[in-house]
Amino acid sequence: MSQNSQARNGQARNARAQAGRVADDLPEDDRAQDEAARPRDSSHAHLAGEVIGRHRHAYHQLLYVSAGVLAVQTGEASWVASSARAMWIPAGTWHEHRVHGHSSVHTLGFAVHDAPLRSRTPVVMAVDALVRELIIACSDPSLPEPEARRLRAVLRDRLRRALAAPLMLPTATDPLVRQACALVTEDLRQPRSAAWLARRIGVSERTLTRLFRAEFGMTYPQWRTHVRVFHAMVLLAEGANVSEAGRRCGWATTSAFIDTFSRTMGQTPGTYRVGPRPPAVTRSDTR
C-alpha cells in the first residue's frame, strides 16, 4: 500500500473515531432526542383489546393494518385503520390506539423534511393491492437497505395518488353536542331520531341541526351513519358476522346495512370482514 493510501486510511479511521467520541460526548438527553427523531419501520401483532396509550413521534408515520382494526384517536377525532385504509399521522401529533380483533400492524416512519404527503393533519387513505404489498414489504426489518429505498420510491408515488377516505368521527367540543353523541352511541340499535334527541338535550330540532353542522360540518343523520359504520367495522374485526354487526348497529335489515356500508367504505361488509390474508409479523409495540 502506498504512503498516500495509508495516510488517507489513517485519516478516515481518525474521523470515524472522532465522530464516535462526539456522539459519546453528547448529553444523554440529546442522544435520546436524536434516537427518538430517527424514523422507524416495524411490523407488529396485537391481541384484541390492547390499548397503546397516548404518545407522539418526532417523525411522520404511516400506519396500516393488514388484519383486524386499529381505532386511532387524537384530541380532535377518531379514525379507523384497516386492511382497506391506511392512516397518515404527522410528526408531533398526540394519538392513541385501541386494537379490535387480532391485528397485524405495519408502520413506516418518514423524516420531517422528507414527507411524501403534505397534510399537516391526520389523513386516512384508500389502500389498493399494490400499496398494501409495498407497505408490508417496506415494514419488514430484514429488508436490505438498497431494496427498501427502491420500494419506498414507488410507494411515495402511489401515496400521492391515493384517494382520501374521509370516514372519521370528530370529537365534539360543545357540551350539548357531546351529550347528544353519548345518548346515541350508548345504544346504536335504537333509531334515535333528531326530534327525540333534541327533546332529550332540551333544544329545538332546528337548533340540534345547527349544532351538528357547526360542530361536525354534517347533519345529524350523516353523523349517525358514520358512527354506525365506524362501530360496524370494529364488530366485524372482532368476529361478528354481517347480519349481527348490522343489527347491533341499528340497521333494520341486512341488505340495508350492506348497501350503506358498501357506499361508505367502497367494499361490502362481508369482504371487509374476511380481509386479506395477514402476513407473519412479530409481537411488539406499535409506538
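The values are calculated or read from the model by the stated rules, or taken from the named source; none is laboratory data. From a predicted model like this one, the values you see are computed outputs, not experimental measurements. Glycine also receives a Cβ, built like all others from the backbone with ideal geometry; neighbour counts cover every protein chain displayed. For accessibility, only protein heavy atoms count, side chains too; no ligands or nucleic acids. Shrake-Rupley method; radii C 1.70, N 1.55, O 1.52, S 1.80 Å.
Give me the distance between the Cα centres of region 46-102 and region 234-271, rounded to whole Å.
Computed from Cα coordinates, the inter-centre distance equals 22 Å.
Can you compute the FRET efficiency between T209 and E145 using 1/(1 + (r/R0)^6), with r the Cβ-Cβ distance and R0 = 45 Å? Round to the nearest 0.05.
Here the calculated transfer efficiency is 0.25.
Whole angstrom only: what separates the Cα centroid of region 112-156 from the Cα centroid of region 181-230?
Each part reduced to its Cα centre gives a spacing of 38 Å.
How high is the FRET efficiency between L130 and R189 when r is their beta carbon distance and R₀ equals 45 Å, given to the nearest 0.05?
That pair, L130 with R189, gives E of 0.70.
Once both labels are modelled 7 Å past Cα along the beta-carbon direction, what's the L117-A58 spacing in nm?
2.3
Enumerate the calculated ³J(HN,Hα) couplings along region 100-116 in order (Karplus 6.51 cos²θ - 1.76 cosθ + 1.60, θ = phi - 60°), each rounded to whole Hz, writing x wherever the residue is Gly or Pro.
Residue by residue, region 100-116 yields 10, x, 5, 10, 10, 10, 10, 10, 10, x, 10, 4, 4, 8, 9, 8, x Hz.
For region 131-190, what does the accessible surface come to per residue with a 1.4 Å probe? Please give it in Å².
58
Got a number for carbon plus sulfur as a percent of region 29-142's accessible area, 1.4 Å probe?
About 49 percent, which is the carbon plus sulfur part of the accessible surface.
Leaving ligands and nucleic acids out of the surface, order R224, R40, R192 by accessible area at 1.4 Å, largest first.
R40, R192, R224
Can you tell me the FRET efficiency between A153 and A256 if r is taken as the Cβ-Cβ distance and R0 is 35 Å, rounded to the nearest 0.05?
0.20
Karplus couplings for region 171-185 from phi (6.51 cos²θ - 1.76 cosθ + 1.60, θ = phi - 60°), rounded to Hz, Gly and Pro as x?
Karplus-based 3J(HN,Hα) across region 171-185 equals 8, 5, 10, 6, x, 5, 5, 4, 4, 4, 4, 5, 5, 6, 6 Hz.
I need to check one value: relative contact order of region 75-220, counting alpha carbon pairs closer than 8 Å and at least 6 residues apart, in percent.
That works out to 26 percent.
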